[in-house]
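One structure is given below, encoded as structure tokens.
The values are calculated or read from the model by the stated rules, or taken from the named source; none is laboratory data. Quick caveat: nothing in here was measured; it's all calculated off a predicted structure. Cβ placement follows ideal geometry from the backbone for every residue including glycine, while neighbour counts extend to all protein chains displayed.
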Amino acid sequence: MIKQILNRLPRKPSKSDGRDSVGGPASVSSSSSSSSARSGDLQTSRITHLNSQVSGSPPGSNNLMHPSTVNPRMNGNYIPPVYEALPNFKDVSNAEKQSLLVRKLDLCCVVFDFTDPTKNLKEKDIKQQTLLELVDYVASASGKFPENVMQEITKMVSINLFRTLTSPHRESMILEKVDGDEEEPMMDPAWPHLQIIYEFFLRFVASPETDAKLAKRYIDHSFVLKLLDLFDSEDPREREYLKTILHRIYGKFMAHRPFIRKAINNIFYRFIFETEKHNGVAELLEILGSIVSGFALPLKEEHKLFLVRALIPLHKPRCMAMYHQQLSYCITQFIEKDCKLSDTVIHGLLKYWPLTNSSKEVMFLGELEEVLEATQPADFQRCMVPLFQRIARCLSSSHFQVAERALFLWNNDHIETLIKQNSKVILPVIFPALERNSKSHWNPAVQSLTINVRKIFSDHDPQLVAECLKKFQEDEAQHKEMVSEREATWKRLEDIAASKTSSAA
């Protein structure tokens, strides 16, 4: 009777029960509740003892710390007093795997200092092994990820990846990269952990078990912006992962697509018109090349504005060599989608054509050939006069690579056909440059190529070549006459000045 009365009285909850109800897993199986409570009591005493050693508090004081209740960013890289490995997924029942996943994600929210390779070696190894287990778990997941797991995943990824990038001497390196003599990129010492986190997040985004409608609550606009900020990392390995992940996000989260395009636009605007410093322009252009190839026809006005306002002005910065291949691909993708844009692109290239940078001029000529190859005759006629005025200047260049690259345009059958169809307009523009090159250019290869181009015109329309030659000879004679008149005028002025000086003396 007394026992029954005592059993009805409310009992004071134990410390372990209180801890499990607040900070423990959401669901624990009844079969393991007694053993977990005992182990929890043992671990509590161990944490209390370690905490008393760290903080100086007496062993009996209740000053416990646990990874789930510690701000991992506090003091830069705060490490909890106890950082121990959790059980493997294969060692727990299916009912416990989800709660174990959350605990492992929480364990990985602690950020370590990798600038000192001798610090926290054991804890770093535990975190690395835990991250590898998480990668395997996500890759082999057989059920949809619940919302609370998605929240924990994005929290862990954000804490580890979103950080202030350091580039101590990038300002001085940018101009050195223009000539292609790049220094060794600065590698992040934390890459052993960052790589696994990137791999984990990539597999999570690409997983068919990730519901985009739920995940977009956490992979939101703010998250995407912070991800884009990381493209300025000095480490090319990180930018490669970011490129793949952002492309996956663009493909999976259709609601984010306009925002991602606009955010990339803003990065380009800042790069072109303000800083001319960014490490990830090539990777962003590579993503955009794939995006542009998937645009539906007819092209929206928004996409055409992106070409005019962002892609074409990207030819302006001095460091264009760092991303020119990807930029050229994006441009040609637009023209393949809508060939009428070739006129716009050619006028854009002429606007930003380099005047004092020969290596950049060679790149422009290479891109121009790709654009002309996709240009239709009607569009070609709208821009051919200013275009070949520029090509004539390239033919006359004393830098042999510029002149040679301009002459290589005639090796393209499509371009040669366009030129022949409009030879009556084009040949008078470029004939003086061809004639001077064939007689007086210092480089034998340029002379030989010029003679070949001149022969193409002679075979196509010998009468036009004869007319241009006659006009050229007349202009040259007139020019010589003007030079002789100018020299005679200066001679008379010198004589008058000399006579006045002698009379004054």
> For segment 349-359, what are the residues that are surrounded by fewer than 19 Cβ atoms within 10 Å (Cβ to Cβ), in contact with a helix residue (DSSP H, G or I) (Cβ under 7 Å, 6 or more places away or on another chain) and either under 15 Å from CYS383 (Cβ atoms) or basic (Lys, Arg) (or both)?
Replying inline: LEU350, TYR352, TRP353
> How about segment 190-224: which of its residues are closer than 26 Å to LYS127 by Cβ and over 21 Å from the mean Cα position of the chain (by Cα)?
Replying inline: PRO192, HIS193, PHE204, SER207, GLU209, THR210, ALA215, TYR218
>> Quick check on my filter: what residues within segment 249-296 are of a type in the set (Phe, Trp, Tyr) and either free of Cβ contacts under 8 Å to residues at least 24 places away in the same chain or not in a loop (DSSP other than H, G, I, E, B) (or both)?
In response: TYR250, PHE259, PHE268, TYR269, PHE271, PHE273
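Table: residues versus (1) more than 20 Å from LEU464 (Cα to Cα); (2) part of a loop (DSSP other than H, G, I, E, B); (3) modelled with pLDDT of 95 or more; (4) more than 34 Å from the chain's Cα centre (by Cα).
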site	(1), (2), (3), (4)
ARG390	yes, no, yes, no
CYS394	yes, no, yes, no
SER398	yes, yes, no, yes
ALA406	yes, no, yes, no
TRP410	no, no, yes, yes
THR417	no, no, yes, yes
ARG436	no, no, no, yes
>> Quick check on this structure: which one of LYS300, LYS277 is more than 20 Å from LEU372 (Cβ to Cβ), of a type in the set (Lys, Arg) and under 16 Å from the mean Cα position of the chain (by Cα)?
In response: LYS277
> Quick one: would you say GLN333 is surrounded by fewer than 18 Cβ atoms within 10 Å (Cβ to Cβ), in a helix (DSSP H, G or I) and polar (S, T, N, Q)?
Replying inline: no
>> With basic (Lys, Arg), closer than 22 Å to GLU209 by Cβ and exposed (fewer than 13 other Cβ atoms within 10 Å of the Cβ) as the only criterion, which of LYS104, LYS155, LYS90 stands out?
In response: LYS90
> Is there any pair with a first residue in segment 212-238 that is in contact (Cβ under 8 Å) with a residue 60 or more places away in the chain and a second that is of a type in the set (Asp, Glu) and not in a loop (DSSP other than H, G, I, E, B) whose Cβ atoms are under 9 Å apart and which are 6 or more apart or on different chains, and what are they?
Replying inline: LEU214/GLU147; ALA215/GLU147; ARG217/GLU147; TYR218/GLU147; LEU230/GLU238
>> Testing LYS277 on (1) modelled with pLDDT under 95; (2) out of contact with any helix residue (DSSP H, G or I) (no Cβ under 7 Å at 6 or more places or on another chain), one condition comes back false. Which one is that?
In response: (2)
>> Cβ-Cβ under 7 Å, sequence separation 6+ or interchain: first residue in segment 472-485 and under 20 Å from LEU434 (Cβ atoms), partner of a type outside the set (Lys, Arg) and assigned to a helix (DSSP H, G or I). Which pairs?
In response: PHE472/PHE431; PHE472/PRO432; PHE472/GLU435
